[in-house]
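The values are calculated or read from the model by the stated rules, or taken from the named source; none is laboratory data. Note that the structure is predicted; figures quoted are calculated from it, not measured. Counting neighbours? That spans all protein chains shown, and the Cβs are built from the backbone with ideal geometry, glycine included. When the accessible area is computed, the model is the full protein with side chains, heavy atoms only, and any ligands, DNA or RNA have been set aside. Shrake-Rupley method; radii C 1.70, N 1.55, O 1.52, S 1.80 Å.
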Amino acid sequence: MFSVGDTVVYRHHVCTIACVREAYFDEKDYFELHALFEKSLKLYVAIEDAKEPLMRSVMTTDEALALIDFVPTAPFIDEAVLHANATTMSLAERQIKEEYERRLKTSDAYDLVPVVKSTHKRTVERESSGRHVTAIDKKYHDLAKSLLFDELAVALDLDRDAVEDFVRNRLGDAGEW
């Protein structure tokens, strides 16, 4: 069970439980969460719903290092499967966007890694063929990476701005993303 002052992850947002709002809505008690890296973001979750998969503890240092080490072998999102069910290119792109969104709705940090890797790969491929990066890929790459780095910053006790360098140094040439 969580309590006031705990740092938690609620749908990938790293938050502090600021207070309990008694009988806040529908006579239920709610946690008021304040996002650590998005200062204006306040979230409310019914205490009875404050459990996995919706809300969880921040990963430990060992779990954060294991996640970083997973990056080189993490799968890409399988576009071939998504494209196989699509009759048009716009439908295929919409299905890719839906897959990004599905992964962002979980509370599992491992779901963010394929989004970051896949959007990076798609961006590199588009740029190398002279095409523009899609707004969808840019949006989901930046969002997934930001949410992932927020939790890694807390788990590794690093400044948020130092996480990317830490990850790059740990992965070396194996982790281009």
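Out of the residues in region 147-157 meeting the condition of being of a type in the set (D, E, K, R) and assigned to a helix (DSSP H, G or I), tell me which one is surrounded by the fewest Cβ atoms within 10 Å (Cβ to Cβ).
Residues of region 147-157 of a type in the set (D, E, K, R): 150-151, 157.
Remaining after also requiring assigned to a helix (DSSP H, G or I): 150-151.
Values: Asp150: 22, Glu151: 24.
Result: Asp150.
Can Arg160 be described as under 19 Å from Val14 (Cα atoms), basic (Lys, Arg) and either open to solvent by 30 Å² or more (accessible area, probe 1.4 Å) or touching a residue at least 60 places away in the same chain (Cβ under 8 Å) (or both)? Outline the logic, then answer.
Values: under 19 Å from Val14 (Cα atoms): yes; basic (Lys, Arg): yes; either open to solvent by 30 Å² or more (accessible area, probe 1.4 Å) or touching a residue at least 60 places away in the same chain (Cβ under 8 Å) (or both): yes.
It is true that Arg160 is under 19 Å from Val14 (Cα atoms), basic (Lys, Arg) and either open to solvent by 30 Å² or more (accessible area, probe 1.4 Å) or touching a residue at least 60 places away in the same chain (Cβ under 8 Å) (or both).
Give the residue, chosen from Val115, Val71, that is in contact (Cβ under 8 Å) with a residue 60 or more places away in the chain and part of a helix (DSSP H, G or I). Write out each step before concluding.
Values: Val115 fails: in contact (Cβ under 8 Å) with a residue 60 or more places away in the chain.
Exactly one residue qualifies, and that residue is Val71.
Search region 135-151 for residues that are over 19 Å from Ala64 (Cα atoms) and pair each with any residue that is of a type in the set (Gly, Ala, Ser) and assigned to a helix (DSSP H, G or I) when their beta-carbon atoms are under 9 Å apart and the residues are at least 6 apart or on different chains.
Within 9 Å, the pairs are Asp137/Ser118; Tyr140/Ser118; His141/Ser118.
Hey, can you tell me all the residues within region 75-101 that are surrounded by fewer than 17 Cβ atoms within 10 Å (Cβ to Cβ), modelled with pLDDT of 90 or more and either in contact with a His (Cβ under 6 Å, 6 or more places away or on another chain) or farther than 21 Å from Leu152 by Cα (or both)?
Lys97, Glu98
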